[in-house]
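Structure first, then comments.
The values are calculated or read from the model by the stated rules, or taken from the named source; none is laboratory data. Note that this is a predicted model, so its numbers are computed, not measured. We place every Cβ from the backbone using ideal geometry, glycine too, and count neighbours over all the protein chains shown.
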Amino acid sequence: MGLVEAVLSGDRRAMARLITRIENDAAGAHADLAQLYAHTGRAHIVGVTGAPGAGKSTLVNELAKAYRADSRRVGVLAVDPTSPFSGGAVLGDRIRMRDLSGDSGVFIRSMATRGSLGGLARATASAIKVLDAAGFDVIMVETVGAGQSEVEIAQTAHTVVVVEATGMGDDVQAIKAGLLEIADVFAVNKADRPGADHTVAALEMLLDLSHAVPSPAEERPSRLLEIIRGHHKPSPSAKHPPLPDEASAERISPFPGREACPAVVGARDQGVRSTWRPPVIKTIAEGGDGILDLARDIADHRRYVEDTGEMVRRNQVHLVNELERILRDGLMDRLLSQIDQASLASLMAQVATRELDPYAAAHQLLAGSQ
Amino acid sequence: MNERRPDRRQKIRVLVAKPGLDGHDRGAKVVARALRDAGMEVIYTGLRQTPEMIAEAALQEDVDVVGLSVLSGAHMALLPRIVELLHGNDMDDVLVIAGGIIPDEDIAPLEQAGVHGVFGPGTSTDEIVKFIQDHVRN
């Protein structure tokens, strides 16, 4: 039996192997994914994000137990950071998920970010497809301990749970942009600590404000999505459109890869006003308090996105973003294969000595690759 | 498109686990950290793992190496059982190494049972890194 058939039949070793092959970009991994693709799109993908130490892993453990009590099969992808210095990683999320061991209805995989900055690994979207095709009903994706802007999970999950630990930050933290904006459900964890009610109140106030103000129609949409929707026509005459200069760079970046997140467009996408107000649930993950409420709200959110058509929109946004990411990687690889090392080194040397600025260097590299 | 990328190397994945009942994992954490610094991806599972838990985690994580630390004296019972379960999962190509308090006279029988290397107290972490790098299929 081939790897793909084995995954479809629920073989755990095959799932594990295929995820490794995807992570390593092994030959044939893309072909295997292509075969699995038609079998995906069924699972509810739940993102769990929040600051380091907020209690994400413990919460995932408790949620998984709740889903299992409901006879649903659960896949977990737990992402931890790769060291930028050694390239190694210590992946410790399983420590908090020991209750799930020995249950054949649960599959847990730890993933290292391997250089990705958005809170997930580059291979996470593909690993989700493997578990989806293998028939897991719920796939929980736990991000790295996030700061304020690791919001890639919004482009990957149907429902995003943001875990806030009690007593972290003040009211101003709650009105900043970023992580808090992507929440579909808030879990205020460690709610047995003093200050839990204050944290809940601060989040509710944030939600009052965001419902009072009309949402911006398009924040920073994917460029592909703009084209698809006809908002932006690519100029057919310019085969290689000139790079924008620095003045206009803020509008369209010549290097979209520099932005951790080119398109966070969920409910706010297309200017559609979401009628979903993210519920704020107090939890004590250690001990399981509030978990059933949290699971209920996650399920409610799923019904909401399905009933309103938001699910279709989110899936479209996810896939367009994924396509854009693959294209970007592919174009970069193609470019690098056409540039010789000597000219790259000499350009870099000129940039380092301030003879050439990075934009001019990029112009030269792109011109040379045509 | 781009099935091969020469610049992305395969990472060595290692499961570091503490089977049995001892409640002390300083040594396991030092080893985990050293392996990380050598560029490996280390899945650390924490204390008090059963052989079944360890074998299942090794399978799901698709590791190349299983590193086991036992201080309790139960190594002759636990380690062969873990090797057996790994083999039962069709993971006979996994490198199994052990550390902790293991008397010299137990090393040969453990090796007989399928443990590839035993590293006692005082072993330098470099030695463990080198052993793994030399033995893992690449």
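Quick check, is residue A:98 assigned by TED's automatic domain parsing to the domain that holds residue A:158 and within 16 Å of the chain's Cα centre (by Cα)?
Judged against the criteria, residue A:98 is not a match.
With respect to residue A:190, determine if the residue is modelled with pLDDT of 90 or more, at positive phi and crowded, with 19+ Cβ neighbours inside 10 Å.
yes
If we only count helices (runs of 4 or more DSSP H) wholly inside the stretch A:306-370, which ones have 2 or more residues that are under 30 Å from residue A:157 (Cβ atoms) and in contact (Cβ under 8 Å) with a residue 60 or more places away in the chain?
Answer list for the stretch A:306-370: A:310-338.
Out of the stretch A:8-45, which residues are closer than 30 Å to residue A:179 by Cβ, more than 14 Å from chain B (Cβ to nearest Cβ) and touching a Leu at 6+ places or on another chain (Cβ under 8 Å)?
A:43
Report yes if some residue within the stretch A:292-303 is assigned by TED's automatic domain parsing to the domain that holds residue A:161, assigned to a loop (DSSP other than H, G, I, E, B) and buried (at least 16 other Cβ atoms within 10 Å of the Cβ); otherwise report no.
no
I want to confirm something. Restricting to the stretch A:304-319 and keeping residues that are over 15 Å from residue A:160 (Cβ atoms) and within 18 Å of the chain's Cα centre (by Cα), which single residue is surrounded by the fewest Cβ atoms within 10 Å (Cβ to Cβ)?
A:312
Taking the condition of being assigned to a helix (DSSP H, G or I) and more than 7 Å from chain A (Cβ to nearest Cβ), how many residues in the stretch B:37-64 meet it?
Looking only at that region, the number is 4.
Within the stretch A:68-88, how many residues turn out to be more than 17 Å from residue A:19 (Cα to Cα), within 11 Å of another protein chain (Cβ to nearest Cβ) and among the aliphatic types (A, V, I, L, M)?
0
Quick one: count up the residues across the stretch B:22-36 that are away from chain A (no Cβ under 14 Å), in contact (Cβ under 8 Å) with a residue 40 or more places away in the chain and surrounded by fewer than 16 Cβ atoms within 10 Å (Cβ to Cβ).
1
Provide a single number: the residues in the stretch B:79-107 that are over 11 Å from the mean Cα position of the chain (by Cα), crowded, with 21+ Cβ neighbours inside 10 Å and more than 11 Å from residue B:119 (Cα to Cα).
Of the residues in that region, 1 qualify.
Any idea which of A:131, A:117, A:77 is at pLDDT below 95 and among the hydrophobic types (A, V, I, L, M, F, W, C)?
Only one candidate qualifies: A:117.
Of all the helices (runs of 4 or more DSSP H) wholly in the stretch A:1-91, which have at least 3 residues that are among the charged types (D, E, K, R) and not assigned by TED's automatic domain parsing to the domain that holds residue A:153?
Hits in the stretch A:1-91: A:12-23.
Would you tally the residues in the stretch A:1-49 being touching a strand residue (DSSP E or B) at 6+ places or on another chain (Cβ under 9 Å) and surrounded by fewer than 20 Cβ atoms within 10 Å (Cβ to Cβ)?
1
Please identify the pairs in which a residue from the stretch A:201-223 that is within 22 Å of residue A:317 (Cα to Cα) has its Cβ atom under 6 Å from the Cβ atom of a residue that is at pLDDT 70 or above, counting only partners at least 6 apart or on another chain.
If the second residue must be at pLDDT 70 or above, the pairs left are A:222/A:320; A:222/A:321; A:222/A:324.
Give B:59, B:71, B:95 a once-over and let me know the one that is touching a residue at least 40 places away in the same chain (Cβ under 8 Å) and farther than 17 Å from residue B:21 by Cα.
B:95
Tell me the residue from A:168, A:205 that is modelled with pLDDT of 55 or more, surrounded by fewer than 22 Cβ atoms within 10 Å (Cβ to Cβ), part of a helix (DSSP H, G or I) and out of contact with any helix residue (DSSP H, G or I) (no Cβ under 6 Å at 6 or more places or on another chain), please.
Unique residue meeting the criteria: A:205.
Give me the residue from the stretch A:92-112 that is at the interface with chain B (Cβ under 7 Å from one of its Cβ atoms) and assigned to a helix (DSSP H, G or I) and, out of that set, farthest from residue A:55 (Cα to Cα).
A:98
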